[in-house]
Structures are given as C-alpha cells and as structure tokens.
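Q: For reference, the structure I am asking about is given below.
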C-alpha cells in the first residue's frame, strides 16, 4: 500500500508564518481570521492537491441561510477556470511545504484567497484516501521507471531580453521579430491591450549543457541578424525596465516533475542565482518568479519559471544550464532545504542577499562533492567563484559584447 | 532532398483565422431590490446573449444577461427574487494577429468559454442594494483573407510520397564555441 505523508514542517509553522508564506508567494490568506457565517452568497473551491496537481476540485456555494450546494468542477480544456483554481491551490500547498493537502480558496477581486488548509486530506473519507493512494502509487511507479531507465534529462529554455534606446525608452521587439521562431517576441497585457515588447530566444533543446549553450548562441545570432537597428541596447536580468519583468524559463523533459525536484531547484538553483541578482531584479516577485513556479508543457515535460533572464551573461547562462542539469539528475542526493526557514524564505522574496549568502556555502559544497559534479564543473565553477566573491550583476548594461554579438553592422 | 529548381512556390489568398484572443475577467454589479435585503439566499445569471464586433486592435464582445437574486427582508421574515438585466462591453485583446490580413475582409466571432457565473453576492454597506461579483471568459477569433505561401509539387499528388525538405537550413553550429565566451558576471 502506498504511504501518503507530508513533511513535518507545516505542523511546526505558526499560523502567522503560514499566512506570511502564502502572502509572500502572492496569495491572499484569511487563515488567521475567525470566520463567521455572513449573510452572503459566496462561492468557495475545495481542492484536493497531491504532488503538484489537483485530484479533485469542488465548488461549494454558501447562501445567506447556510444552505450548501456542492458541484464538481471538471478539467475541461476549454475553460481556464479549472486551470486557475488548480494553479492557485498547488501554489498554496507548495508554499506551505505540503505535498498533499485540501486547500479551500475563494476567488477574490485580487486573485485567490486561501481560507483553510487540511494537511491530512486522506483522512476525510475512504474514497479520498483511495484517490491519494492511487496518485502516490502512480508517482512512485513513474519515479522507479525513471531511475531504471537511467535517462539523462533534456533541457531547453526560452529566456527573454529587452531592446532599449540610449535614453532607456523601450522599443517593442515585435518591430523586428515574429511571434514564432528561434528568436521571437512575447506579449504582455497593459491596460487591456496586448503589446509585444519582449524578445525571446528559443534554442533547440539538448541533454548536453555545452550543446544547449551552442544552440543559444545560434539563437542569439539569428536575433542579431533580424534586429537590424544596431543602436539599440539589449538588456536582460530580472527587471531592467521598471514594470517589465523578464524570465529565464528552463524546460525539462525526460525527468518526472516531483515535489522534491522542485524544492531542490528552488534551493540549489534559484537561491544562488538570487544572490547574484541586481538589486532591482527582486521587483518581479511574487507576481513572477515565485518559488516553485512551474508549468506542465503539452510535450510532457515542464518548465521551471522561477529564474530571472539569465541572458545577463554567458557565465550565468552556462552556470544555470549546468546546475539545472546536475540538479535534475542528482536531486535525490541534494538534501539541504534552507528555504524551509522562515527568514530565508522571506529573504528570497525581499532580495536580501546578505541573508541568503549566510546559507549559500553548504549548498554549494554539497553540489561540488557529488561525483557527477566533475562533468559540469567547467560551467559551474565560475558562477560559484562569483558567489564567493560577493558580486552582483548589473542589468543596465548591454549584453551584446559578452555574447560576441557585433555592435556595428 | 533540398528544394530543387523544379519546385515552385505560390502565394495564395485564402480565408483564415488571422487573430485569436482570450480574456477572463471579474466584474461587480450593483442591484437594488425593492426591499432592503437582510440576507442573500441565492444568486444566478441567466439569458446570456452576446455578439462580437471588431474594435481597433482588439475585438469587443457586447452582451446582456439577467441577474436574479433571491433574498430575504424584514429580518428574514419574507423573501423575494430581484431581477435585473445588465449590459456590458468587454474588450478582448488579440494575442496573435497576422499582419498580412486584408482589413476589408475581417469577420469576428466570440465564444463564451465559461458562462458568466456569480461567485459572490453581499449586501452593500448602506443596506439597500446587493453587490454581485461575476466571472466571465471569452475566446475570440478574427477571420480574414490573407496571403499564404505554398510549395507546388510538379509531380502532382501521386502515391509516390516524396520526402521534401522544406528548406530547414542545416544549422551551422561548428563555429559557435561556448568556451570562447568571457566568464564575466
């Protein structure tokens, strides 16, 4: 029989800390409030979460005379409601360090508000226990199959950059790049209108960090041939222009997305990168780049979305790709989780690099001592050195010279 | 096999989906029933009707629905249903738009992917009206004539499947060396 359990961390957290963790992750919380039945008509969603997905979503309607109506919300491709509810509930469970939970949330004006959490959802009823047992068993089998097959994770990416004039005003990337392709553009919505300010590189994936960086250089070259105005400055990082957050999404396939893999990526990759960030980079969180930000992709893999745009330098890009590959294949042996500590969790969101640096060394040492590190050391060592030297990047600079992209035609 | 001189390219003009968009939104309506409500016993939305019109660089969905509120009054001693028809205009931006489409041939359509539903109804602070929060979602399409490039086969459509290589440039990665890049932060 499958064993369902949560880490003991949640039980040790005070209500104040639970609320703080949810709020830092961008979710509303009324956990600390004593809820009285109001004379309202109100809709809540009760979500059974197990290992980063919803097993069941139910809509609960409370009326002014306490009648309750329950209906199931089904996973139908055509509506985004299920997806939005599932994402908020999974995000809440993850923020609270729960692999399994019943999350109750209400849709508010400002997004999801978490109203209650049950960390023993499998005790609710026998039916629910069976659902959890089956989900846990499925994940165990997938992880066993992965370990037996011994496949190497394949990595991809779609990091972003911006085009600026000398006066720091932005030029939409859509002036030069199409939506699709190896070098394309991406949209943001502003005041209900969609604009395409962000350039995005989509190199071919690879299981080899060196090859993936080669593909990235090729994508840069394609971008360079399309962006014909040489006077424009190319900027990367977390938020080189106020209000325009940039991401560096790493795509993984041939690796099972698990709660522990996501935790390892947050602790061993996102945390060190946050230490190197330009101070203005933290401004993108928590709307973007919150801990454990992932999306399952139609091709079966997933993308890890917590990192800022690592195009800021080849050294960072090489380090990120190599560390992501190492962590994806070895995370079962990487056991430190400093982000479990409230002050470190807070420091990540506040961009408090001094606090984050205090936990950096054991993380790096544990990675370096893995026998497999040897295969990645060339790309990770420079990043580790920069961490020890206490450097931070500067997102105002033009990234072209570092990537050997000609400034002149 | 790469494209030899025998293959020809044609530009054809065809009707195609040239733009797409999707928007989820939450809106609050205020309904004032004939009696001052004590509590809200139910709230639902019916008779949703809508149409799409082209508007600038987006598509506007114009529609109406009826809000029904079952409420109690006189300290929960009596109940009634208040009905109100509301109209709305929702501007849905296009996340994709073919720049080559012929503007004079544009037709637009919208689909309500999630019927408007009430997620909250509460008595307003002055005790006279009811605030209703409604979630709705639309997917829109812009259809127009556009130019499409096609490869014309000189061999017709025989059973003999030719293995065409549609011009994927053999990527030349040999000269790209990640190790040549500076290890600067």
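Q: Of the residues A:353, A:400, A:357, A:337, which single one is within 14 Å of chain B (Cβ to nearest Cβ), at pLDDT 95 or above and in contact with a helix residue (DSSP H, G or I) (Cβ under 6 Å, 6 or more places away or on another chain)?
A: The conditions single out A:353.
So that you can scan it fast, the table gives a plain yes or no per residue for (1) modelled with pLDDT under 95; (2) under 28 Å from residue B:25 (Cβ atoms); (3) out of contact with any helix residue (DSSP H, G or I) (no Cβ under 8 Å at 6 or more places or on another chain):
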site: B:115; (1), (2), (3): yes, yes, yes
site: B:132; (1), (2), (3): no, yes, yes
site: B:136; (1), (2), (3): yes, yes, yes
site: B:140; (1), (2), (3): no, yes, yes
site: B:145; (1), (2), (3): no, no, no
site: B:148; (1), (2), (3): yes, no, yes
site: B:151; (1), (2), (3): yes, no, yes
site: B:156; (1), (2), (3): yes, no, yes
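Q: Could you identify the single residue in B:100, B:15, B:23 that is part of a loop (DSSP other than H, G, I, E, B), touching a strand residue (DSSP E or B) at 6+ places or on another chain (Cβ under 6 Å) and in contact (Cβ under 8 Å) with a residue 40 or more places away in the chain? Even if it seems obvious, please write down each step before you answer.
A: Numbers: B:15 fails: part of a loop (DSSP other than H, G, I, E, B); B:23 fails: part of a loop (DSSP other than H, G, I, E, B).
Sole residue among the options that is part of a loop (DSSP other than H, G, I, E, B), touching a strand residue (DSSP E or B) at 6+ places or on another chain (Cβ under 6 Å) and in contact (Cβ under 8 Å) with a residue 40 or more places away in the chain: B:100.
Q: One residue is enough: does region A:121-144 have a residue meeting the conditions surrounded by fewer than 19 Cβ atoms within 10 Å (Cβ to Cβ) and within 14 Å of chain B (Cβ to nearest Cβ)?
A: No, every residue in region A:121-144 fails to be surrounded by fewer than 19 Cβ atoms within 10 Å (Cβ to Cβ) and within 14 Å of chain B (Cβ to nearest Cβ).
Quick grid of which residues meet (1) outside any strand (DSSP E or B); (2) free of Cβ contacts under 8 Å to residues at least 40 places away in the same chain:
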{"position": "A:88", "(1), (2)": "yes, no"}
{"position": "A:94", "(1), (2)": "yes, no"}
{"position": "A:98", "(1), (2)": "yes, no"}
{"position": "A:101", "(1), (2)": "no, no"}
{"position": "A:127", "(1), (2)": "yes, yes"}
{"position": "A:130", "(1), (2)": "yes, yes"}
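Residue by residue, here is whether (1) within 30 Å of residue A:57 (Cα to Cα); (2) assigned to a helix (DSSP H, G or I); (3) in contact with a helix residue (DSSP H, G or I) (Cβ under 7 Å, 6 or more places away or on another chain) holds:
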{"residue": "A:115", "(1), (2), (3)": "yes, no, no"}
{"residue": "A:146", "(1), (2), (3)": "yes, yes, no"}
{"residue": "A:155", "(1), (2), (3)": "no, no, yes"}
{"residue": "A:174", "(1), (2), (3)": "no, yes, no"}
{"residue": "A:178", "(1), (2), (3)": "no, no, no"}
{"residue": "A:181", "(1), (2), (3)": "no, no, no"}
{"residue": "A:196", "(1), (2), (3)": "no, no, yes"}
{"residue": "A:231", "(1), (2), (3)": "no, no, no"}
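Q: OK, next. Under 22 Å from residue B:183 (Cβ atoms) and away from every other protein chain (no Cβ under 14 Å) - does that describe any residue in region A:375-391?
A: Among the residues of region A:375-391, at least one is under 22 Å from residue B:183 (Cβ atoms) and away from every other protein chain (no Cβ under 14 Å), which makes the answer yes.
Q: How many residues are touching a strand residue (DSSP E or B) at 6+ places or on another chain (Cβ under 7 Å) and not in a helix (DSSP H, G or I) when one looks only at region A:280-299?
A: Final tally of qualifying residues: 7.
Q: Of (1) farther than 24 Å from residue A:130 by Cα; (2) modelled with pLDDT of 85 or more; (3) out of contact with any helix residue (DSSP H, G or I) (no Cβ under 9 Å at 6 or more places or on another chain), residue A:95 satisfies all except one. Which?
A: Checking residue A:95 against (1) farther than 24 Å from residue A:130 by Cα; (2) modelled with pLDDT of 85 or more; (3) out of contact with any helix residue (DSSP H, G or I) (no Cβ under 9 Å at 6 or more places or on another chain), the one that fails is (3).
The values are calculated or read from the model by the stated rules, or taken from the named source; none is laboratory data. Computed from a prediction, not measured in an experiment: that's the story for all the values here. In this analysis, Cβ positions are derived from the backbone assuming ideal geometry, glycine residues included, and neighbour counts consider all displayed protein chains.
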